[in-house]
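The values are calculated or read from the model by the stated rules, or taken from the named source; none is laboratory data. All values reported here derive from a predicted model rather than from experimental measurement. Cβ: placed from backbone, ideal geometry, glycine included. Neighbour counts: every protein chain shown. Please note that ligands, DNA and RNA were not included when accessible areas were found on the heavy atoms of the full protein model with its side chains. Shrake-Rupley method; radii C 1.70, N 1.55, O 1.52, S 1.80 Å.
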Amino acid sequence: MFFGPLPAPLYMRTEPRLLGRPLFYWYQFACVLLGAAVLLGAFALRRLGRRRARPTEARD
């Protein structure tokens, strides 16, 4: 996912188009959205792990 945008010559084309935009633009935008989703998932998993690792409070 993070290495997808690196080989630019593979996607620096004007065809195919999506909603009038060349492949280059929507490929880059898809990489940004995918990266944000991966980071959000990692954040959620880390937060969930911290909740589970927290010791329970003793009640009298």
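List the residue pairs whose Cβ atoms are under 9 Å apart, where the first residue sits in segment 17-43 and is without any contact (Cβ under 8 Å) to a residue 24 or more places away in the chain, the second is open to solvent by 60 Å² or more (accessible area, probe 1.4 Å) and part of a strand (DSSP E or B), and the two are 6 or more positions apart or on different chains.
Short answer, once both residue conditions are applied: Leu23/Arg17; Tyr25/Leu18; Trp26/Arg17; Trp26/Leu18; Phe29/Arg21.
Could you please find all residues in segment 26-52 being over 10 Å from the mean Cα position of the chain (by Cα) and open to solvent by less than 100 Å² (accessible area, probe 1.4 Å)?
Those that are over 10 Å from the mean Cα position of the chain (by Cα) and open to solvent by less than 100 Å² (accessible area, probe 1.4 Å): Trp26, Tyr27, Gln28, Ala44, Leu48, Gly49.
Residues of segment 1-25 being open to solvent by 90 Å² or more (accessible area, probe 1.4 Å) and under 18 Å from the mean Cα position of the chain (by Cα), which ones?
Within segment 1-25, Phe2, Phe3, Leu6, Tyr25 meet the criteria.
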